Structures are given as structure tokens and as C-alpha cells.
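The values are calculated or read from the model by the stated rules, or taken from the named source; none is laboratory data. Values in this document were obtained by computation on a predicted structure and should not be read as measured data. So basically every Cβ, Gly included, is an ideal-geometry build from the backbone, and we count neighbours across all protein chains shown. With ligands, DNA and RNA removed, areas are computed over all heavy atoms of the protein, side chains included. Shrake-Rupley method; radii C 1.70, N 1.55, O 1.52, S 1.80 Å.
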Amino acid sequence: MKKQSFLFLIGGILSLIIAMGIGRFAYTPILPIMQKDLSFSNTVAGYIASSNYAGYLLGAILAGAIPLKKYRVIILKISLIISILTTAIMGLTYSHFIWYVLRFLSGVSSAYVLVLASGIVLDKLATINKTSWSGLFYGGVGLGICLSSLFIPSLNHLYQWEGTWIGLAVVSAILSIFVWLWLDEASNVVELKNKENNFAVVPPTKWLLWLIIAYGLEGLGYIVTGTFIVSIAEKTPSFHNDATLVWMMVGLAAIPSCLIWSILAKKWGFVKSLVLAMALQSLGMAMPAFWVSKTSFIISALLFGATFMGITTLATTLGRQINPSNSSRTIGILTAIFAIGQLIGPILSGVLSSFTHNFNTALIGASSVVLIGAALLVNGIQFERKSYAKDEGYTC
């Protein structure tokens, strides 16, 4: 990969660190700190989370429905500014209503960044025959989670939860400078004229509906752990004000996961890899409901981190390969159905946990939903087998 292409990829990774790893997911480790100081319920916490996912849904729909190819880098950078500002302002107010608005706007911006950056970077990687490197790009989310987990304990110790939000916004602003410098789609223009020489082994276009449904179920299920795992760990005797360690484990596992799943997909096929990833995630999500210990939470966090962005990598890359002529629209549809699921998940789990006084029912239910999604994808493996058999016969 040329230096210019490498810096382009880094710019894409940094955009995900800012909007997703920090802007979207920093709420999870900061939530128990805020609840401890302000004593609001899990139901309120669920509404705050869901307002973010409602914005994410709207952003995904708009990014996928409106033709933006000529202006997608500019809109992506504007979205990054909104993400940074909404992160900062979270630490400047105590109003639940304003939090709802801020997290909604943060959700809109993070969806735009994910959809547009995915289209921009995946198109670039396709033109230089490095599609498998999509794992490096999506690893930016895990890197952002890990980065925020490193900063949050110190920022909270020095400046409380308010300063934690503001401090993370400052870090994001510094990183955004490099996005401005390196993520320039103008360098793509000449290369995009070249046709891809990759003949991906994927199911036919009509199978895309199964992927969309399964990805929606993934959104509904995964978000319960993605929103509440630190709060759940914080309330157990196993952790003494160090539950942020759980989120750090999620981030550490997520960093290499996207690349690993991309390599496995190239070897085994995208559908088979996606089914395996969702099954493993389902196992990890249910674990704390049956085995409460520091070890179980760490294993659960590692399994969750190793799969949640890997699943996004596999699903979006597969969706693009099934319908390569309109990558942003396809990724937008997938992101929108995913967002619908994750909008519902925190509300249901917040209400359930308030009613049952624990998260066990919510965790088991969410785990089951993800497993059902995996089962729906099994019928796609047959297409990969047929394609591989055909390719082998042709080679011989």
C-alpha cells in the first residue's frame, strides 16, 4: 500500500475512533459514574441510550437514502464536528432532556460517519485490491473504546464525570486534525475508474434480505451488553470501583477482531464466519447471567469485544460485495435496520432490569435474539459452498 493510501486508511480509522469509539460508546463506561453521582434509574439510563440510537437510526436512513457521493467527505467532517461538540456539552449540563437531545444528535453524526467512512474507505480498498484490510478500518472502533477506557479513570479522578466528557472531546478534537489532513477522497478519483478484479464468493442479491433481518436482530441483542455491561459489573461484589476494566477488555479484544474476522471470512466465507461470530457473541452475552465473577465478566467482555465490530465488518463488507454498485446505500440500509434494533434494546432491558431488579432476564433474552439471527443466516452457507465448488472445478 502506498503512503498516501495508508494515510487515507488511518484517516478513516481516526474518524471511527472519534465518532464511534468515543462519541457513541464512551457513554457505557461513564454511565455508572454518572449514576453514582446523580442517582438516576436504569430506566432513565436506557432512555438516554435509546435517544442516541434513535439519532443513529435517523442518520443511517438519511445517509443511505440521500445521494451524497460527491460531498461525502465534507459531510463526514461536519458530522465529526457535531460528534465532538455533543460529547463536550454532555459535561456542561445536568438536564435529562438536554442529554436526550445531545445523545440524539451524537447518534445522527456517528451514523453518518460510519456509513460515509465505510463507503469511502471500502471503495478505496477495493480499488487497490485490499478488501480484506477492511478489518483494520473497523478496528478503529475498538481502538477508540480502548483509548477512552484508558483516559476515563484519570479524567474522572481529576475532574469528575463532567470533566471526563469534556476531556474526551478534547482528545477527539486533536485526532480530528489528522482526519482533515489525510482523509481526502480526491486521491480516489483516478483509481475509482478502475474496475475491481475481485470476484467475491457471496450469496446472490435476493439473499440480502436475510442479512438485513439478521443484522437487525444483532442490533437488538448486542446493545444490551454494549450499553449496560459496565453498570452490571459495577453492581457485583467482584469489582471495587474498577469496572471500567471490563470495557477496556472489550476495546482490547475489538482492536484485532475485525482484521481476524476478515481473514477468516476470506478463508471460510463471509456467511459462515458471520454465523460463528454471532454464536460466540450470544454465548458471551449470556455468561454473566449464569456465572457471576470477575472471570466471567472478563471472558464475556473479551467475547463481546472480539465479535461485535467483527460482525459489523463482516455484514457491511458482505453487503457491499452483494451490491457493489451502490455501497453507501446498502451499508445505510444495514445500519438503519441495526439502529432500529438497538433503539428498542436499551428501553426493553432498562424497564426489565428495573422490574426484576437485575439484568439476568435482559441478558438471556438478548443472547437468544442474537442466536436466532445467526440461525437465519445458515441458509446462506449453501451459496458459498456452490460458488467455491464451481471455482475449484473451473481451476481444475
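If a residue must be farther than 18 Å from ALA60 by Cβ and either buried (at least 24 other Cβ atoms within 10 Å of the Cβ) or out of contact with any helix residue (DSSP H, G or I) (no Cβ under 9 Å at 6 or more places or on another chain) (or both), how many such residues does region 315-325 contain?
Selection size over region 315-325: 1.
Pick out the one residue from GLY91, GLY64 that is assigned to a helix (DSSP H, G or I) and in contact with a Lys or Arg (Cβ under 9 Å, 6 or more places away or on another chain). Break it down into steps so the answer makes sense when it comes.
Numbers: GLY91 fails: in contact with a Lys or Arg (Cβ under 9 Å, 6 or more places away or on another chain).
The conditions single out GLY64.
Quick test for you: out of LYS36, LYS70, LYS77, pick the one residue that is outside any helix (DSSP H, G or I) and among the basic types (Lys, Arg). Lay out the reasoning, then the answer.
Details: LYS36 fails: outside any helix (DSSP H, G or I); LYS77 fails: outside any helix (DSSP H, G or I).
Within the list LYS36, LYS70, LYS77, the selection yields LYS70.
Would you point out which residue out of SER79, SER172, SER118, SER109 is within 14 Å of the chain's Cα centre (by Cα), open to solvent by less than 30 Å² (accessible area, probe 1.4 Å) and farther than 20 Å from GLY226 by Cα? I'd like the intermediate steps shown before the answer.
Values: SER79 fails: within 14 Å of the chain's Cα centre (by Cα); SER172 fails: within 14 Å of the chain's Cα centre (by Cα); SER109 fails: farther than 20 Å from GLY226 by Cα.
That would be SER118, the only listed residue that is within 14 Å of the chain's Cα centre (by Cα), open to solvent by less than 30 Å² (accessible area, probe 1.4 Å) and farther than 20 Å from GLY226 by Cα.
Just one of (1) in contact (Cβ under 8 Å) with a residue 40 or more places away in the chain; (2) at positive phi trips up HIS357, so point out which.
It fails just one condition, (1).
Which pairs do you get when a residue that is in contact (Cβ under 8 Å) with a residue 24 or more places away in the chain, found in region 271-282, comes within reach of a residue that is outside any helix (DSSP H, G or I), reach meaning Cβ atoms under 7 angstrom, with the pair 6+ apart or on two chains?
From residues that are in contact (Cβ under 8 Å) with a residue 24 or more places away in the chain, the pairs are VAL271/PRO203.
Within region 248-304, track down each residue that is surrounded by fewer than 19 Cβ atoms within 10 Å (Cβ to Cβ) and part of a loop (DSSP other than H, G, I, E, B).
TRP291, VAL292, SER293
Would you mind stating whether ALA65 is more than 18 Å from the chain's Cα centre (by Cα) and open to solvent by 30 Å² or more (accessible area, probe 1.4 Å)? Please lay out each step first, then the result.
Numbers: more than 18 Å from the chain's Cα centre (by Cα): yes; open to solvent by 30 Å² or more (accessible area, probe 1.4 Å): yes.
Yes.
Please go through region 1-32 and give me each residue that is open to solvent by 30 Å² or more (accessible area, probe 1.4 Å) and either in contact with a strand residue (DSSP E or B) (Cβ under 9 Å, 6 or more places away or on another chain) or of a type outside the set (Lys, Arg) (or both), ordered by number. Lay out the reasoning, then the answer.
In the first step, residues of region 1-32 are kept if they are open to solvent by 30 Å² or more (accessible area, probe 1.4 Å); the result is 1-4, 6-7, 10.
Within region 1-32, MET1, GLN4, PHE6, LEU7, ILE10 meet the criteria.
Without any contact (Cβ under 8 Å) to a residue 24 or more places away in the chain and not hydroxyl-bearing (Ser, Thr, Tyr): which single residue out of LEU102, LEU80 fits that description? Give the steps one after another, and end with the answer.
Numbers: LEU80 fails: without any contact (Cβ under 8 Å) to a residue 24 or more places away in the chain.
Going through LEU102, LEU80 in turn, just one is without any contact (Cβ under 8 Å) to a residue 24 or more places away in the chain and not hydroxyl-bearing (Ser, Thr, Tyr): LEU102.
Is there any pair with a first residue in region 37-58 that is closer than 13 Å to TRP99 by Cα and a second that is open to solvent by 20 Å² or more (accessible area, probe 1.4 Å) and of a type in the set (Val, Ile, Thr) whose Cβ atoms are under 6 Å apart and which are 6 or more apart or on different chains, and what are they?
Correct list of pairs: GLY46/ILE347; SER50/ILE347; GLY55/VAL108.
With respect to THR93, determine if the residue is farther than 27 Å from THR244 by Cβ and of a type in the set (S, T, N, Q).
No: the conditions fail for THR93.
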